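Inspection log for the structure reproduced underneath, given as structure tokens.
The values are calculated or read from the model by the stated rules, or taken from the named source; none is laboratory data. Please read these numbers as outputs of a predicted model, since none were measured by experiment. Reconstructed Cβ throughout: ideal geometry from the backbone, glycine too, with neighbour counts over all protein chains shown.
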Amino acid sequence: MSATLRTVPPNILFIQTDQHLRSALGCYGNPLIRTPNLDRLAAEGIRFDRHFTCTGVCTPARGALLSGMYPHRSGMIFNPELPGNRVGARLCEFDRPVIPFSKLLREQGYDLYHIGKWHIGSWFESRPSHAGFRGVFHPGYGYPARHPHFLRHLARFGLSEFRLKKRPPLRDDGWAYFSEQVGAPPEASIPGYLCDQAVRTLRRTARSAEPFFLGLNFWGPHIPVNIPAAYLDLYDPAEVPLPANWRNIRDRRPEIVDKAHRLWGGHVLDENAVRRIIAAYYGYVTLIDEQLGRVFETLRATGQADRTVIVFTTDHGSTLGDHGLQDKGLMMYDEVYHIPLIIAGGPVARRGATFRNFTLTMDLTATFVDLAGAMPPPEYDGLSLKPVIEGDLRRKTRREVVCEAFGHQVPFVQRMIRDTRFKYIFNTAAMDEFYDVRTDPGERRNLIGSVEPRLLQRYRRRLAAWGRATDDHVAARFLPGVTRRALGEPEP
């Protein structure tokens, strides 16, 4: 099997959802949600148990995947919707030369396709075509509701527009957590629109002798959930369990977490409302899973399955009532950073396996390049998972992950180091956080102030060492300085 990977570069089907909770998949232990196609993918491939996003916001996470670099190194640290238009476009564009993995795949003879959400760079300045991909461009966040290409798709089903009907609960400002797409069959939904393009592309690639990379990028299950009624009402809210930590918003958190709680309407959401939102989100996940079934069937029917590596993941997770929150970006909880990753397909050697070592966003970048037969550049911050795909489930990757955040809606700079036992979060403008993730997986008790000082210092030193190695000023310079002053130690 490994010889096949060395001599014949495989096709790569990369599936990326948006803001997808790891726990919202059957193969990750959810007994209620219906995800048979993704569950089957995990059963036929490798399920990664400790995969993390490098940052919890769309644009910098997607930019890190494309560039293979941490956001602080590439300069792409914000979404374009707010800071890029007010602070400056530089903050949501690469501010140094990068080597996108697509360039290296193209040099290896790959045909490159991009379908769906892009959300890399500023509104119009950065396009999939600039990285060598073919596909429809959706500017900025790119929600396709009014895009001419999507409207032509709707017309095939007798629909003239993407019409929504709000469903309660509503926020104080009338913002809907979910809405019904009126009169639409599943194929006319946005996931249906994307998977229709993927099916057509796979039929085209079957006639080509060149390997392909096909990126299939969803806008869901990101809230607001805008899907047909059959999926909004698929799950009974009364049967949906609440997160165990949904009431602990005020338990020694940075003040900004409480502000995020209020911004996203957490203060007006009672138990029934939270259950209803989760039920709608689950419906969105099931809709995506069903439409992916069409894609997987086309891959098999066109004879390409045995030479295609399928990678499924998300850009970041979400709080879905966890900690009383309904978003991401201003907190570094596992619900946002600990995300799903499944790698399957014909070239995968160990089917039904679980890989338990830590992996990070940029590891996928290095993996794509390695699978294509090229050498990942030294600028990349990732480690190739090709040996794992070839069957080495004891492959040493990382003993810990270091992640970063720059804020969402407002700047808020954070760094986090996490291993199998503890998580330390350095909040530059607020109290720090320290969690025992083994005994407190819901991160309900912030131990900062009570944790043994030598243990805390050990994690601070490791985070600072990472900062020096990756040229991160926050961790390398600012963290040690703040720590010394807090301890009353002299400056070096």
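What are the residues in the range 193-240 that are in a strand (DSSP E or B) and either closer than 22 Å to Arg163 by Cβ or acidic (Asp, Glu) (or both), if any?
Across the range 193-240, the qualifying residues are Phe218, Trp219, Gly220, Pro221, Val225, Asn226, Ile227.
Has the range 242-257 got any residue that is more than 22 Å from Gly183 (Cβ to Cβ) and without any contact (Cβ under 8 Å) to a residue 12 or more places away in the chain?
yes
Looking only at the range 21-35, count every residue that is of a type outside the set (S, T, N, Q) and either touching a Phe, Trp or Tyr at 6+ places or on another chain (Cβ under 6 Å) or under 18 Å from Leu232 (Cα atoms) (or both) and tell me the total.
7
Taking Ala429 as meeting all but one of (1) closer than 26 Å to Thr59 by Cβ; (2) under 23 Å from the mean Cα position of the chain (by Cα), write down the number of the exception.
(2)
Which of the residues that make up the range 375-392 are surrounded by fewer than 18 Cβ atoms within 10 Å (Cβ to Cβ) and either closer than 26 Å to Gly63 by Cα or touching a residue at least 60 places away in the same chain (Cβ under 8 Å) (or both)?
Correct list: Met375, Pro377, Pro378, Glu379, Gly391.
Looking only at the range 429-445, decide whether some residue is in a strand (DSSP E or B) and either in contact (Cβ under 8 Å) with a residue 60 or more places away in the chain or in the same structural domain as Tyr380 (by TED's automatic domain parsing) (or both).
Checking the range 429-445: at least one residue is in a strand (DSSP E or B) and either in contact (Cβ under 8 Å) with a residue 60 or more places away in the chain or in the same structural domain as Tyr380 (by TED's automatic domain parsing) (or both).
One residue is enough: does the range 158-176 have a residue meeting the conditions under 23 Å from the mean Cα position of the chain (by Cα) and assigned by TED's automatic domain parsing to the domain that holds Ile310?
yes
Would you confirm, using the coordinates I've provided, whether Leu91 is in a helix (DSSP H, G or I), on the phi < 0 side of the Ramachandran plot and either modelled with pLDDT under 95 or of a type in the set (Val, Ile, Thr) (or both)?
Considered against the rule, which asks whether it is in a helix (DSSP H, G or I), on the phi < 0 side of the Ramachandran plot and either modelled with pLDDT under 95 or of a type in the set (Val, Ile, Thr) (or both), Leu91 comes out as yes.
Just one of Pro128, Pro60 is under 30 Å from Cys27 (Cβ atoms), free of Cβ contacts under 8 Å to residues at least 24 places away in the same chain and either buried (at least 19 other Cβ atoms within 10 Å of the Cβ) or not assigned by TED's automatic domain parsing to the domain that holds Gln181 (or both); which is it?
Criteria check complete, one pass: Pro128.
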